[in-house]
Amino acid sequence: MPRALDQIDQFVVVMMENRSFDHMLGYWGLPPWSADRAAQPADGVRLDHVCPAPDGSPRRPFAFTAEELGRIDHDLPHDRRSVWGQLNRDAANPTRFHMDGFVRQSVPAGPVPEHVPCLGYLTPSLVPVTHFLSTEFTICDRWFSPIPTETHPNRMMSLAGWTPYDQTPGQLVDASPTVVDFLRGRGVDLRVYARRVSFLALATSTVTHAREVLHPWASFEAEWNAPVTGPRVVYAEPAYRDAGSIVPQPPAEDDHPPTPVAYGQAFLREVYRIVRGNDERWRRTLMIITYDEHGGFADHVSPPILETPAPAQGLYPRFVSAGPRVPAILVSPWVDRLGTCKLVLDHTSILRTLAEKFAPGDQRVFRNADGGAADCVFRRPVSSLWPALTRTTPRDDNPPSPPAPALPPQPASAPNPATPVIQAALDAVLARLGVLP
């Protein structure tokens, strides 16, 4: 009997920006949508989830209207200190978090509106492509950001299983071995298609292999439709908002507030169209869509106690838990329609999945902090994605995806603390290639 582990050798990884599970997919826990998922229920947003304002008055989740969503004009707090306040650890039971500090961190003083943006959740009319993908395939309602802090450390966790910093740095970083080293060392064809500039280029291992790894976005469809010659791992990266002051086109589409989510919907639709368009490759494909971290939006599920040790250099204090839940969808003919995966997962689950495929039985393929029997990925108490792929034969259906929503005007990008990082990566890539990736 075929197994997904034996049959799948094509992987597409898409990581969007700064949205929580309750915010993006939480509606699946509410009627009328919950009835469609009755066979495999999702732990969605809870309307009785109270997050007090600074004066103690209660605030609860609410469904965004298009107008309210369009009024989000700034990023919500999600640095390490803010996230710890949002989680609000139980003093009597340190294995539990109250998950009620989102409003206090978002509006620490002054008047608090009845509808605080951090508590808003989206409904299918606002995210039609996400709704299509989460209907036709499988969602993961226990996928957490690896550590309770901001974008760059969580993305580095997804590339290397550890991070040399706990906040956004100002230079390229060496976190070797990364997924680039792992895949290239095993002869796996790795291709990164970035709409503006690649986040993977913030790691020195990517820059070292830039000519082989970084491919122009315009070549994605043609290269995906070329004959399948062996295993391939693709990272498809949206146009990041933080890069907008450097590379203004195409417009931001990563879902990073205040970017309108319609742009992210169009991006996801385009990636799915390309991936699904090649029947031969599709039958061997797992596409993983997730978000780097929650971006300050509320979630009600307490993250697991999961220690992430500090680097040997002692650059920051250890993390004692995962971060809040983030949206995650597994898109493949090897998953169920309207499926709900209950495995405890985080971004290192992607690395474990690739390791179990391309280095079976070897638990030391990523960095070892102490020379133990397992590396920084396999020591984490999270699963790979293979148990979520429960079908014994691939599906052959091809439901049509919906049109992407109309694109509203987009706020102009402005310089911000992430810009020097991206500029450093861009300069290094340009020096090596002479052109944008």
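Bear in mind these aren't lab numbers, they're just calculated from the coordinates by the rules spelled out. This is a predicted model, so every value here is computed, not measured. Neighbour counts are summed over all protein chains in view; Cβ atoms, including those assigned to glycine, are modelled from backbone coordinates with ideal geometry.
Annotations
- P(r) tail, the stretch 302-361: Cα-Cα pairs separated by more than 20 Å, 47% of all pairs.
- Among 214, 355, 226 the positive-end extreme of the charge dipole of the chain (Cβ point charges): 355
- Reduced Cα scattering model of the stretch 285-335, Debye log10 I(q)/I(0), q = 0.14, 0.18, 0.28 Å⁻¹: -0.56, -0.78, -1.02
- Dipole axis of the stretch 6-72 (+1 Lys, Arg; -1 Asp, Glu on Cβ), positive-most option in 10, 53, 39: 53
- Spin-label zone in the stretch 347-370 - amide nitrogen under 19 Å from a point set 7 Å from the Cα of residue 5 along the C-beta vector: 348-366
- Here the Karplus relation 6.51 cos²θ - 1.76 cosθ + 1.60, evaluated at θ = phi - 60°, turns the backbone of the stretch 228-240 into coupling constants of 6, 10, x, x, 9, 10, 10, 9, 9, 10, x, 6, 6 Hz, with x for every Gly and Pro.
- Protection proxy ranking, highest mean first, for peptides 399-407, 174-182, 199-207: 199-207, 174-182, 399-407, where packing is the per-residue count of other beta-carbon atoms within 10 Å, averaged.
- Nonlocal amide H pairs with residue 385, under 5 Å, H built at 1.01 Å: 353
- Counting only Cα atoms, the chain measures 60, 50, 45 Å along its principal axes, largest extent leading.
- Among 322, 128, 311 - extreme Cα towards positive end, dipole of the chain, charges at beta-carbon: 311
- Magnitude of the charge dipole, the stretch 1-85, Cβ model with Lys/Arg +1 and Asp/Glu -1, debye to 20: 220
- Taking 0.36 nm per residue of separation and subtracting the Cα-Cα distance, full extension of the segment from residue 362 to residue 74 would add 99.3 nm.
- A compact globular protein would have a Cα radius of gyration near 2.2 N^0.38 Å; the ratio found for the stretch 210-322 is 1.37.
- Less than 5 angstrom separates the built amide H of residue 291 from those of 16, all sequence-distant by 5 or more or on a different chain.
- Cα gyration tensor, the stretch 47-154 - rounded (a/c under 1.5), prolate or oblate: oblate
- Phi angles of the stretch 173-190 translate, via the Karplus equation with coefficients 6.51, -1.76, 1.60 and θ = phi - 60°, into HN-Hα couplings of 10, 10, 10, 5, x, 9, 4, 5, 4, 4, 6, 5, x, 10, x, 8, 6, 9 Hz per residue; Gly and Pro are given as x.
- Rounded to the nearest 20, the Cβ-based charge dipole of the chain about its Cα centre (Lys and Arg +1, Asp and Glu -1) stands at 700 debye.
- Rounded if a/c under 1.5, otherwise prolate or oblate - the stretch 359-401, Cα gyration tensor axes: prolate
- Phi-derived couplings, Karplus 6.51 cos²θ - 1.76 cosθ + 1.60 at θ = phi - 60°, listed residue by residue for the stretch 6-22: 7, 8, 7, 9, 10, 10, 10, 10, 10, 10, 8, 10, 6, 9, 8, 4, 4 Hz, with x used for Gly and Pro.
- In this rough spin-label picture, where each label sits 7 Å from Cα along the Cβ direction, the residue 391-residue 225 distance is 2.3 nm.
- Cβ-placed point charges (K, R +1; D, E -1), dipole of the stretch 222-327 about Cα centre in debye, nearest 20: 360
- Theoretical ellipticity at 222 nm over the chain - DSSP helices of four or more residues, -39500 (n - 2.57) apiece, nearest 500: -7000 deg cm²/dmol
- Database remark: amide H of residue 13 closer than 5 angstrom to the amide H of 234, 235, 236, 288 (H placed geometrically; neighbours at sequence offset of 5 or more, or on other chains; Pro and chain starts carry no H).
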